[in-house]
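**Student:** Here it is, the structure in full.
The values are calculated or read from the model by the stated rules, or taken from the named source; none is laboratory data. Every value quoted in this text rests on a predicted model; they were computed, and no experiment measured them. Here the Cβ positions follow ideal geometry from the backbone for every residue, glycine too, while neighbour counts run over all protein chains shown. These accessible areas exclude ligands, DNA and RNA; they are computed on the full protein's heavy atoms, side chains included. Shrake-Rupley method; radii C 1.70, N 1.55, O 1.52, S 1.80 Å.
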Amino acid sequence: MRELFGLMKFGAKSALWAAIINTVLGIIKTAAYLITGNVAMFAEMMHSFGDAANQFFVFIGSGLSKKSPTERFPGGFGRLVNLVLLGAVLIVGILAYETIIEGIHHIQSATHSEDWFWLNVGVLGIAIVLELFVLHKAMKEITHNLPKEQTKGLKIVSASFKNVKSANPATKLVFLEDMVAVSGAVLALVAIVIATYTPFHSATGYASVIIGLMLLVVVGRIFLDNSAGVLGVADLDMQDRMGNEIMKHPKINDIQDIDVIREGDDLHVELKVEVAPNMTIQEADEIREYIASEINKRVPNVTDIIIEFDQDDDITHWKKVTTQKPVE
């Protein structure tokens, strides 16, 4: 049990913040829904509880994935976070379905009401502010390896979108969910205003359906990303960048093969390089140390590096990729 709690300090901090804030928002929105009966508030309530459950699972999974390898599991536990997320999307999928159904019911029997308008507006305003706070936390985690001048002020927004694909699964999930959460809260707020001050009283029902559909899109994206993660997905961009750096060594003639497998937050590297047939063991060891040192210095979260040597077969296997940015 002590080991379990010790691993939690390695959990994704943005996921923990998101879980706490969404739980608080879920309770506030539940109270608002019970008082007002507003279907857009119901959709937001379901959204917040779904996000809270998902992000709590993410925090637990990201912490457990840092457990050291054992004799039974020598490959480590890096993919555990992907398994946890696959289970968590079921919760969000069910809540998305309920949100859509409730919205459809409201569209079919919409009634006009101006009661509790300012209560709804106030709750959603608070939700937008808190969700933006969590979103900013996720953006900071996505861009933490970038130079400060690239993330200063509002530049962090564009930098986050550019680099979200390379973020770890936990942070990527929080970023995507809170993007939808902010959009959903704004949409619900607009729908309540429209339903109150125009004849279009079913606006909140349509907002509920749209919020549910947005949740389903997030579920689909998370499911696809983490299914690939469980199988062991190759980081093709990192393979190209590593290969270009390795080929700079004057005694490495070619790279026969290179695989960079992403396991949760961690990277597993395997490569086979071609060298001169008369190379000594000492020279090969020096090259091995050079490659391992350069990779560990330039790339975070590399858990292990397996390097094989083969004699040059005079066939070019590696073609330098010039479109990729250099390893940071």
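**Student:** Any chance you could run the full-extension gain for Ser158 through Ala31? It's 0.36 nm times the residue separation minus the Cα-Cα distance, nm to one decimal.
**Tutor:** Additional length available on full extension: 42.1 nm.
**Student:** Taking log10 I(q)/I(0) by the Debye sum over Cα atoms at q = 0.06, 0.10 Å⁻¹ straight from the coordinates, which label in [x] -0.29, -0.68; [y] -0.17, -0.51; [z] -0.20, -0.57 is the correct one?
**Tutor:** [x]
**Student:** Is the C-alpha gyration tensor of segment 166-241 telling us rounded, prolate or oblate? Criteria: a/c under 1.5 is rounded; beyond that, a/b larger than b/c is prolate, otherwise oblate.
**Tutor:** prolate
**Student:** Leaving out ligands and nucleic acids, note down the accessible area per residue over the chain with a 1.4 angstrom probe, in whole Å².
**Tutor:** 52
**Student:** Once the Cα gyration tensor of segment 1-156 is found, what semi-axes does its equivalent ellipsoid get, as square roots of 5 times the eigenvalues, in whole Å, sorted largest first?
**Tutor:** So the three semi-axes of segment 1-156 are 35, 21, 13 Å.
**Student:** Charges at C-beta only: +1 for Lys and Arg, -1 for Asp and Glu. How large is the resulting dipole of the chain about its Cα centre, in Debye rounded to 20?
**Tutor:** 1140
**Student:** Could you tell me what percent of the DSSP beta bridges with both partners in the chain are antiparallel, to the nearest 5?
**Tutor:** Within the chain, antiparallel bridges account for around 55 percent of the total.
**Student:** Another question about this same structure. Rounded to the nearest 20 debye, what is the charge dipole size of segment 205-274 about its Cα centre when +1 sits on each Lys and Arg Cβ and -1 on each Asp and Glu Cβ?
**Tutor:** 240
**Student:** For the chain, what is the mean residue ellipticity at 222 nm derived from helices alone (per DSSP H run of n ≥ 4: -39500 (n - 2.57); sum divided by total residues; nearest 500 deg cm²/dmol)?
**Tutor:** -22000 deg cm²/dmol
**Student:** So, with a 1.4 angstrom probe, what is the percent of accessible area on the chain that is carbon and sulfur?
**Tutor:** Of the solvent-accessible surface of the chain, carbon and sulfur hold 63 percent.
**Student:** Between Ser293 and Leu213, what FRET efficiency follows from the Cβ-Cβ distance if R0 is 45 Å, with the result rounded to 0.05?
**Tutor:** The value I calculate is 0.35.
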